[in-house]
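Here, each number is a calculation from the coordinates, and none is a lab measurement. None of these values were measured; they are calculated from a predicted model. Backbone-built Cβ (ideal geometry, glycine too); neighbour counts: all protein chains shown.
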Amino acid sequence: MKTTLTVLTIAALAGSAASAAEISGKIKLTGTPPPERPIVLDVACGKVQPNQIATRHYVVSPDKGLANVFVYVKEGAKAAPAPADKGTMLDQIGCQYTPYVIGVQAGQHFDVKNSDPLLHNVHSLPKVAGNKERNIGQPVPMKSDFVFDKQEVLIQFKCEVHPWMFAYVGVVEHPYFAVTDKDGSYKISGLPAGDYTLEFVHLKAGRQTQKITVGADDKKTADLTFEAKAPGQ
Amino acid sequence: MTRSTDNVWLHRYACLLAVATLFLVTLGGVVTTKGVGMAVPDWPTTYGENMFLFPPSKWIGGIFYEHSHRLVASLVGMLTMVLAGWVWLKESRAWLRWLGLIAFFGVVFQGVLGGMRVVFDTHGWGTELGIFHAVFAQLFFLLVCSIALFTSRWWNGRVEKIADSMPLAGLRKFFIATTLLILAQLVLGATMRHQHAGLAVPDFPLAYGKLWPATDAASVELYNAHRLEAAGESPITAPHIIVHMLHRLTALAVLFAVISCAWLARRNAAPGSPLIKFSTLWVGIVLIQLVLGILTIWSQRKVDVTTAHVALGAVTFMLGWLLVLVSSRFVTAPRRLASAVESPLRPAAQLEHA
């Protein structure tokens with residue numbers, strides 16, 4: 001028994017050592033996106049959110065980096081068991097969901113937190129069969145556990161008490177996914193050598209795919225540009 | 001117990017209930033426009049508490065509108081129960097007594113339907129039940145208005161001018177067809193609103209710059225890229241756009257039909273007839289409704305404008321139905337009442353020359 005465990009551990013370590021490939025890149029947006037809409041807060045939210053907030057459909061850095069793009073391996077990666085650790089937490093703070101887009105693995109638990117001293121409802125709206133829609137109240141600061149068993153990119157979360165509050169969760173059946181940061185950068189690590197198709201999903205700019213081949217220990221770059229087309233273009 | 005057809009206070013009470021029902025329909029419109037139908041995720045409780053004891057301090061954000069809608073609905077339910085009892089005890093017409101009971105069961109059904117819309121939302125039935133709930137609300141409103149009409153003095157034999165006539169029967173058919181057209185328009189409107197996709201076509205008089213918008217996948221993707229929803233509305237699809245465009249076309253058809261009805265009423269009904277008065281009012285209401293529809297688009301679904309559009313839609317439907325009933329009164333009454341004294345129509349000679 002002990003020998004078997006040792007062999008498995010060595011095999012796992014060897015596997016992980018061989019799975020050090022990394023894909024990173026920067027996503028940019030060309031063109032001029034429509035201006036974001038300012039959000040009018042109600043009285044209760046005005047007390048916990050002192051700033052004027054707006055919608056976050058196109059978050060673009062000065063050098064045109066596009067934030068909140070969900071990047072994942074669409075083809076080429078095998079499904080993996082969900083990790084025991086919880087995924088990125090989705091927080092409701094200042095009557096806003098933060099972050100706007102997160103990713104978790106199918107079967108991986110994650111928390112949706114209410115950091116505000118007022119009631120929010122958390123309404124998940126999956127479309128894929130097997131992912132359960134839920135609508136729960138969080139009357140006080142608290143956390144609720146969520147999990148989705150099937151791959152789905154992207155699932156909307158809403159608070160209907162404050163309808164301007166919504167965010168998205170990408171659920172993927174393996175750990176090879178990322179969300180671009182405020183500069184439009186992302187990094188996917190630990191990939192085994194192989195041929196992959198990456199999909200880049202932005203809720204407004206659309207979806208694009210890119211094929212890429214990585215060897216063991218490769219550090220490859222996959223940049224991409226979305227275009228904000230003018231109406232009628 | 002004395003039963004009669006002359007119950008003035010019962011009539012006034014039915015009118016009050018009709019106003020309360022219209023207010024309830026309007027409040028339901030606010031809930032849907034604001035997208036807060038699921039702000040209270042449980043039913044019949046409210047966040048686990050008794051609906052009637054839910055503390056006002058917790059009526060925040062969308063909860064205020066959804067919870068108010070539920071409380072006003074409860075009030076309308078109780079008022080309807082009283083109406084049904086009142087009609088049962090005091091009304092001499094058996095069919096009207098049964099109509100009161102139907103109203104009671106109707107309001108109970110509508111209340112449960114609203115609850116099911118909440119309970120089954122997380123099971124994927126929210127949209128369908130929401131549409132049904134919205135349309136049934138309009139039908140219940142008609143029923144209450146009908147009872148108000150049936151209990152009025154005008155309906156109860158004090159109509160001085162009664163006569164059967166083919167032109168008037170034909171006019172009634174026009175009223176029926178137009179009212180059915182308005183019902184179809186209400187179904188289209190409810191479908192648009194309960195898909196929670198916001199404005200599927202944001203410009204007017206054109207639609208995405210064209211007379212008829214493109215609905216291919218690339219065009220729809222482009223439309224969605226430019227829709228910056230403030231309340232997380234669903235992306236639009238080609239069917240959303242088609243339903244929206246049908247709503248616009250049906251609006252024109254309704255306007256044409258209502259103007260035709262008013263014109264026919266002027267041609268066929270006697271001067272001073274309620275058919276002329278109501279059908280003229282109908283034209284005015286539909287014109288205002290058309291303007292409100294346009295303003296709903298131009299204001300990007302501003303809540304007050306959109307809600308007024310919903311409320312006036314209910315009034316338009318109600319006016320059509322009342323015209324059907326009033327014209328039926330003229331047409332069918334002579335067959336039952338031999339004591340018809342005067343025709344509501346122009347004399348036959350005038351009709352021939354009209």
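Enumerate the aspartates and glutamates that B:LYS58 could reach by cross-link, defined here as Cα to Cα under 20 Å, with residues fewer than 8 away along the same chain left out.
A:ASP42, A:ASP116, A:GLU160, B:ASP42, B:GLU49, B:GLU66
Under the rule a/c < 1.5 gives rounded, and otherwise a/b versus b/c splits prolate from oblate, where does region B:196-282 land using the Cα gyration tensor?
Note, shape of region B:196-282 comes out prolate.
For chain B, what log10 I(q)/I(0) values come out of the Debye formula at q = 0.06, 0.11 1/Å, with one point per alpha carbon and no solvent?
Normalising to I(0) and taking log10 leaves -0.26, -0.82.
Name the most mobile residue of B:ILE176, B:ILE297, B:ILE60, meaning the one with the largest mean-square fluctuation, in a Gaussian network model of chain B with Cα contacts below 10 Å.
B:ILE60
Show me the helices of chain B, taken as full DSSP H stretches, that run 30 Å or more along their long axis by Cα and average -1.0 or above in Kyte-Doolittle hydropathy.
Span-like helices here: B:8-34, B:61-90, B:94-119, B:126-150, B:166-194, B:238-268, B:274-298, B:303-336.
For the peptides B:12-25, B:187-200, what is the packing order when you average, over each peptide's residues, the other Cβ atoms within 10 Å and list the highest mean first?
My ranking of the peptides, most packed first, is B:187-200, B:12-25.
Can you give me the long-range amide H partners of B:THR46? Hydrogens built in the peptide plane at 1.01 Å from N, cutoff under 5 Å, separation of 5 or more residues or another chain.
Under 5 Å from the amide H of B:THR46: B:MET51.
What is region A:50-112 by shape, rounded, prolate or oblate, if you read a ≥ b ≥ c off the alpha carbon gyration tensor as root eigenvalues and call it rounded for a/c under 1.5, prolate for a/b larger than b/c, and oblate otherwise?
It is oblate, given that a/c is not under 1.5 and a/b is not larger than b/c.
Which of the residue pairs A:LYS28/B:LYS34; A:LYS182/A:LYS204; A:LYS26/A:LYS113; A:LYS47/B:LYS34; A:LYS182/A:LYS219 have a Cα-Cα distance greater than 24 Å in the structure shown?
A:LYS28/B:LYS34; A:LYS26/A:LYS113
Where does each of B:LEU181, B:LEU323 land when they are ranked from fewest to most other beta-carbon atoms within 10 angstrom?
Fewest to most other Cβ atoms nearby, the residues stand as B:LEU181, B:LEU323.
Show the residues, 5+ positions off or on another chain, whose built amide H is closer than 5 Å to the amide H of A:LYS28.
Close amide H contacts, sequence-distant or interchain: A:LEU66, A:LEU224, A:THR225, A:PHE226.
Distance cut-off 22 Å, Cα to Cα: go down the list B:LYS210/B:LYS302; A:LYS64/A:LYS187; A:LYS132/A:LYS158 and report the pairs above it.
Violating the 22 Å limit, Cα to Cα: B:LYS210/B:LYS302.
Which residues' amide hydrogens lie under 5 Å from the amide hydrogen of B:ALA270, considering only partners 5 or more residues apart or on another chain, with H built in the peptide plane?
Counting only residues 5 or more places away or on other chains, the set is B:LEU345, B:ARG346.
With viscosity set to 1.567 mPa s at 4 °C, what whole-number translational diffusion coefficient in µm²/s follows for region B:1-158 from Stokes-Einstein and a Kirkwood radius over Cα pairs?
Rounded, D is 79 µm²/s.
Determine the distance separating the Cα centre of region A:199-233 from the Cα centre of region B:252-290; give it in Å without decimals.
58 Å
Can you classify chain A as rounded, prolate or oblate using the Cα gyration tensor, where a ≥ b ≥ c are the square roots of its eigenvalues, rounded means a/c under 1.5, and otherwise it's prolate if a/b beats b/c and oblate if not?
Oblate, because a/c is 1.5 or more while a/b does not exceed b/c.
Among B:LEU22, B:ILE297, B:PRO235, whose Cα lies farthest out toward the positive end of the dipole of chain B, if unit charges sit on the beta carbon of Lys, Arg (+1) and Asp, Glu (-1)?
Final value for the positive-end residue is B:LEU22.
Which ³J(HN,Hα) values, rounded to whole Hz and listed in residue order, are derived for region B:44-53 from phi using the Karplus coefficients 6.51, -1.76 and 1.60 in 6.51 cos²θ - 1.76 cosθ + 1.60 with θ = phi - 60°, glycine and proline given as x?
x, 7, 10, 6, x, 9, 4, 3, 7, 10
Which whole-number percent gives the relative contact order of region A:20-228, counting Cα pairs below 8 Å spaced six or more residues apart?
32 percent
For region A:95-125 and region B:88-146, write down the distance between their C-alpha centroids in whole Å.
37 Å
To the nearest 500 deg cm²/dmol, what mean residue ellipticity at 222 nm is calculated for the protein assembly as shown from DSSP H runs of n ≥ 4 alone, each contributing -39,500 (n - 2.57), summed and divided by the residues?
Using -39500 (n - 2.57) per qualifying helix, the result is -16000 deg cm²/dmol.
Per residue of A:119-127, count partner chain C-beta atoms within 10 Å of its C-beta, then hand back the mean as an integer.
Across A:119-127, the average partner-chain Cβ count within 10 Å equals 4.
Mind checking the mean number of beta-carbon atoms from other chains within 10 Å of the Cβ atoms in A:133-140?
Other-chain Cβ atoms within 10 Å of each residue's Cβ, averaged: 4.
About its Cα centre, how strong a charge dipole does the protein assembly as shown have in debye, to the nearest 20, once Lys and Arg get +1 and Asp and Glu get -1 at the Cβ?
Magnitude of the dipole: close to 1960 debye.
How high is the FRET efficiency between A:THR209 and B:LEU206 when r is their beta carbon distance and R₀ equals 41 Å, given to the nearest 0.05?
Efficiency, from the Cβ-Cβ distance: 0.75.
Let me know the Kirkwood hydrodynamic radius for the protein assembly as shown, please, with Cα pairs as the basis and the value in Å to one decimal.
27.5 Å
What residue among A:GLY31, A:GLY94, A:GLY170 has the largest mean-square fluctuation in a Gaussian network model of chain A, using Cα springs under 10 Å?
A:GLY31
In a Gaussian network model over chain B where Cα atoms closer than 10 Å are linked, find which of B:ALA251, B:ALA217, B:ALA103 has the largest mean-square fluctuation.
Among B:ALA251, B:ALA217, B:ALA103, the largest GNM mean-square fluctuation belongs to B:ALA217.
Can you compute the modelled spin-label distance between B:SER57 and A:ILE136, with each label point 7 Å from Cα toward Cβ, in nm?
2.5 nm
Angle, helix A:2-18 long axis vs. longest principal axis of chain A, Cα atoms, 0 to 90°, nearest 10?
Roughly 70 degrees, rounded to the nearest 10.
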